[in-house]
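A short write-up of the structure that comes next.
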Amino acid sequence: MSPTTFRVISADSHVNAPIEMWREYLPAAFRDRAPRLERTDEGDFEVFEGQRKPISRMAAQAGTRPEEYTTTVRRFDEVRPGGWDPATRIEDQEIDGVDAEVLFGSVGEAPLGSADPALARASFTAYNRWLADFCRHDPARLIGMAYIPCDDPDDAIKEARDAASWGLRGAVIPHVPGTGEWRDEAWAPFFRTLTELGWAAHLHVSSGNRRLRPAGSSSPGFGRGDEFMNHLVNTKLEMPLSLGKLVLGGVLAAHPDLKVVSVEGQIGWVPFWKYYIDHVYEKHRWWTQTHLPERPSFYADRQVWFTFMEDPPGIEARHRCGIERIMWSNDYPHSETTWPHSQKIVSDIFESVPADEVRRIVRENCQELYGI
């Protein structure tokens, strides 16, 4: 059976909240300080906290050929509205042969990067409420992931419970919490809450991983092209470090029902990572006093899922990754998206893979994890 004889589900797609949304969804006390869209003869600009920026295109490249990529656009409506309009999004799913998408926002520390911690915190709730309304258009095809503020465990628990009551289906957490470490007992009630909700915890590349970087380092933004491209590679390679904190730190052993998803990290590195965490554990467990009931890879195999877009080396190593733990995605509408050619790309990269394995990777694993 050819992979193109059945439709696919994307385990990692994105929405782009419109600028005007913030004035509607932020608490009244912050609305006058919300970002606003300024339309001028020279183009459209986003104005926020004293900065006036052109409209970014890097998170909205769907339908653009790579040789035509630009970092900004002159007008807001030059990018596809499927990033913020749910009816158009369903139309774009049909074009791509996609039955449903698991939806994430723009990556970063908070949905709205404000210098004011109170405003940044309020942006989590505002974004989650907007996303819940977006997904309400078609809950069977639009599966929203809530962004959870993780500076305080009690606050994180409250936001997760609220977001679940609005219909969202999983938690996006930073690679490291704002206070302490994930292995700390203070965070155990939060992980118990996620399992009670039936939610997976999602680590998306570039989301809240600043403490993993050396002091003084930062994202290169869109400056030098070589730095930007190397940064994209680096976001994938940071993922095993973050997962290692959960595995070697004993979080997965302590919470056997907790499910964790590595989002957009690709999969070619997974077999080496699983081998090497076992290797270093056997070498260094004694003097470090690190003792787990099972080998580290046991918990990775039991509780971690991985998403990818185009990763031929990973597909070749799919059995060592775990056929039931890897999930394809189209990354719509970001710059790595396969839209609108997902069916052809899936057919090409899975050409030599048995159809039952293809179906599991591009559809069934995601259905089972999220109850789609």
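General remarks:
- When the residues of the range 1-30 are filtered to those that are modelled with pLDDT under 90 and surrounded by 14 or more Cβ atoms within 10 Å (Cβ to Cβ), the one that is nearest to ASP356 (Cα to Cα) is PRO3.
- Subset of the range 67-94 that is surrounded by fewer than 16 Cβ atoms within 10 Å (Cβ to Cβ) and in contact (Cβ under 8 Å) with a residue 40 or more places away in the chain - its residue that is farthest from ASP44 (Cα to Cα): ALA87
- Positions within the range 149-186 being more than 22 Å from SER114 (Cα to Cα) and touching a Cys at 6+ places or on another chain (Cβ under 8 Å), in sequence order: GLY167, LEU168
- Every listed requirement among (1) among the β-branched types (Val, Ile, Thr); (2) closer than 30 Å to ASP85 by Cα; (3) part of a loop (DSSP other than H, G, I, E, B); (4) out of contact with any strand residue (DSSP E or B) (no Cβ under 7 Å at 6 or more places or on another chain) is met by ILE372 save one, (4).
- Residue satisfying condition, being buried (at least 16 other Cβ atoms within 10 Å of the Cβ), under 22 Å from LEU246 (Cβ atoms) and within 17 Å of the chain's Cα centre (by Cα), within set CYS366, CYS321: CYS366
- Boolean, TYR332 is of a type in the set (Phe, Trp, Tyr), surrounded by 18 or more Cβ atoms within 10 Å (Cβ to Cβ) and more than 17 Å from the chain's Cα centre (by Cα): no
- Residue ranges of helices (runs of 4 or more DSSP H) in the range 99-210 with at least 1 members aromatic (Phe, Trp, Tyr) and within 22 Å of LEU241 (Cβ to Cβ): 188-197
- Enumeration of residues in the range 126-138 that are touching a residue at least 40 places away in the same chain (Cβ under 8 Å) and either within 21 Å of ILE157 (Cβ to Cβ) or buried (at least 19 other Cβ atoms within 10 Å of the Cβ) (or both): ALA126, TYR127, ASN128, ARG129, TRP130, LEU131, PHE134, CYS135
- Those residues of the range 34-63 which are outside any strand (DSSP E or B), at pLDDT 80 or above and farther than 23 Å from ALA132 by Cβ, in sequence order: ASP41, GLU42, GLU49, GLY50
- Single condition ALA140 does not satisfy, out of (1) farther than 17 Å from TRP22 by Cβ; (2) within 15 Å of the chain's Cα centre (by Cα); (3) aliphatic (A, V, I, L, M): (2)
- Those residues of the range 207-241 which are surrounded by 13 or more Cβ atoms within 10 Å (Cβ to Cβ), modelled with pLDDT under 85 and either acidic (Asp, Glu) or at positive phi (or both), in sequence order: GLY208
- ASP44 being in contact with a Phe, Trp or Tyr (Cβ under 8 Å, 6 or more places away or on another chain) and touching a residue at least 60 places away in the same chain (Cβ under 8 Å): no
- Unique match (being at pLDDT below 95 and surrounded by fewer than 20 Cβ atoms within 10 Å (Cβ to Cβ)) among GLY113, GLY167: GLY113
- Restricting the range 31-66 to residues that are hydroxyl-bearing (Ser, Thr, Tyr) and farther than 18 Å from GLY113 by Cβ, the residue that is surrounded by the most Cβ atoms within 10 Å (Cβ to Cβ): THR64
- Residues of the range 227-243 that turn out to be under 13 Å from PHE306 (Cα atoms) and of a type in the set (D, E, K, R), as a count: 1
- Every residue from the range 242-280 that is of a type in the set (A, V, I, L, M, F, W, C), surrounded by fewer than 18 Cβ atoms within 10 Å (Cβ to Cβ) and either without any contact (Cβ under 8 Å) to a residue 60 or more places away in the chain or part of a loop (DSSP other than H, G, I, E, B) (or both): PHE272, VAL280
- Count of the range 287-321 residues, restricted to those that are within 21 Å of ARG360 (Cα to Cα), in contact (Cβ under 8 Å) with a residue 40 or more places away in the chain and not in a helix (DSSP H, G or I), is 8.
- GLU49 being without any contact (Cβ under 8 Å) to a residue 40 or more places away in the chain and either of a type outside the set (Gly, Ala, Ser) or within 27 Å of SER262 (Cβ to Cβ) (or both): no
- Filter result for the condition that a residue is acidic (Asp, Glu), at pLDDT below 95 and assigned to a helix (DSSP H, G or I), over GLU67, GLU94: GLU67
- Applying a threshold of 8 Å to beta carbon distances and a minimum spacing of six or more residues, or different chains, the list of pairs starting in the range 191-208 at a residue that is closer than 16 Å to PRO149 by Cβ and ending at one that is among the hydroxyl-bearing types (Ser, Thr, Tyr) reads LEU203/SER242; LEU203/SER262.
The values are calculated or read from the model by the stated rules, or taken from the named source; none is laboratory data. Source: prediction; values computed, not measured. Note: ideal-geometry Cβ built from the backbone for every residue, glycine included; neighbour counts use all protein chains shown.
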